[in-house]
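Just below is one structure, and these are the notes that go with it.
The values are calculated or read from the model by the stated rules, or taken from the named source; none is laboratory data. On a predicted model such as this, the values are computed, not experimentally measured, just so you know. Virtual Cβ from ideal backbone geometry, glycine too; neighbours counted across all protein chains shown.
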Amino acid sequence: HAVPTPLQKPALVTVLLVILSILLPPLAVFVDEPKVNDEFFISILLTIFFWLPGIIHAFWVIFFGGKGQLKVMDILILVCCFLLPPLGIFFKQQRITVDILVAIILCFLFWFPAVIFAIAVAFFGVTCAKAI
């Protein structure tokens, strides 16, 4: 059956899963996919050995539905969103938009909000074009 995306889940559930992912990643994976499977065991191993990879893996399972659903281009876009946010948006939208201009301005002012904005545009469909 199809795994609901974070936008299809109630907002409160998504927020609670994100908080749980930071505090106890394997539990967040289990709550998101209520079965003991390979994703759950991978999350336990990553959390035991390296806490941060456990958190990243939990986010991946929650936001991208686990294995096979995150494409190579999505990984490239995600890396670009962290390193150069306007480029990440451009790769996703394949054209120059107002969102890229906003990301450039945010980069000059504050890097972290530019990264958050780029991820929101690239993966969650947030856009400034509707507001203008």
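Annotations for the structure displayed:
- Here Glu33 fulfils each of the conditions (1) without any contact (Cβ under 8 Å) to a residue 24 or more places away in the chain; (2) surrounded by 13 or more Cβ atoms within 10 Å (Cβ to Cβ) apart from (1).
- Count of the stretch 36-53 residues, restricted to those that are buried (at least 17 other Cβ atoms within 10 Å of the Cβ) and at pLDDT below 85, is 1.
- Residue match in the stretch 57-70 (condition: exposed (fewer than 14 other Cβ atoms within 10 Å of the Cβ), under 16 Å from the mean Cα position of the chain (by Cα) and at pLDDT 80 or above): no
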